[in-house]
1. Any chance you could check the Cα centroid distance between segment 211-265 and segment 137-205 for me, in angstrom?
2. Among the listed pairs Lys176/Lys410; Lys116/Lys293; Lys116/Lys271; Lys191/Lys273, which have their C-alpha atoms separated by more than 31 angstrom in this model?
Amino acid sequence: MRRFRKTKTTKGGPKMKKILCLAVILFGFSGLGRTQSYDQETTETNRIQTAVDGFTTLHKYRLGVFRFRPILNIRAGADSNGRYGDKDSKTIFDVFVSATPGISGGLKFGQRAYLKIIEEVTFLYYFRLEERRDIFNATRAEFVTGTPGILFTFDAGYVRREEPVDEEVDVPVDHKIVHGGVRTEYSATEKIEMRHWFRNAESHYYDQVDPDSNVPPLRDRRTYTFGTGALYSLNDRVGLTANFHLSRSEALESGFDSSNWGLLGGMNFRKDKFSTHFGLGFGGTNNTSNDRKNFLMDAALDYLLGTSLRVGTFINRRQEFSSLDDQAVRVTTQGGLRASVPIISRISTSGTFTIGVNSYGNQPIGGQPVENDTFQRADFGINFRVFSKLSLRAGATYENRNTDIQGLTKDRFTYYFGFGVGYSIGFGL
């Protein structure tokens, strides 16, 4: 059982009040000017009809009123460093097999709503590394309803697994995440699309897979996030965007809470074979020990060179609450390349490369300052489509991280092979 020092809870102060006022103003003005009648405008997208049609298209099998689709993902590979350790630490070469059967099913309520539940169970087996063997399930539920003009999506989920958490905690950790939220989408005018969302998530961490890894104790959190966004269409190809979010997080054991906010504005551009978007803005944090202002961005460019030849690049900079310290906020800056190249009709190659850096400002992690935390990730594979419901993929991944945080430095290379059958095929590592 980990022990934490009680820290005085902050209430946000004048800065927090200004941020909340801005959120209320953005939310309130987003609904003004709504004069369009969706029942009479035949050229406008019928939001709920499109959502219900998508549900029925994916869930073709029926058992009475219940609609469902099977899910099966299988991977196998040779893992040259299953402990996720540094190149100078003890590494063990091992072979693994991962199978994830599941089902997605639900009910359609006329033409105005549907309920969908997805249940998956993953069996992960390493032949030598007993600590990496695992059986875990993931449950997700979604209820969608609305009218031709407005769409409401309610969702919730649960997963407990021994896997890397994110760019910060990228080693296998036994953790549980419970989350839920609601999202609203509608048109304020014929050119302005609006979206509002609210999410609640809890993260709980348990004993680490490798007790000798020296990773600092991870902090259980509860986080609430409110967001609002707008898209103004200048024409069929160009749109202006604005997005705002406000998050408040509480460390469950110490009771310490802090806030995190961000505001981005940008543009989307789309042509026949070319699409790009970019957003620039700023954000900040507000607590007693870590009051920071950060430059934020999100940009991507994708180009279709041929029928299936795609290349793209991306870069983003975002801020998130740290899982390694109650008071720390992590700013991650990363960018990279992605490509998909056809060879023949059924065979193609695809890959991604990402390079990035995590920054904690002056906030120490595990009692130590973090002056260096850089990472690189690469994934390259060959895809073979046997037929419409069976695909094969083989490839390799490379992960490298150089950080001052104990237990998180690594240099890892992995081969893998997998195939998927059913209506949901995925090969994410």
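Computed from the coordinates by the stated procedures, all read-outs in this text should not be read as laboratory data. A quick note: this is a predicted structure, and the numbers were derived from the prediction, not measured.
1. A separation of 12 Å, based on Cα centres.
2. Listed pairs above 31 Å: Lys116/Lys293; Lys116/Lys271.
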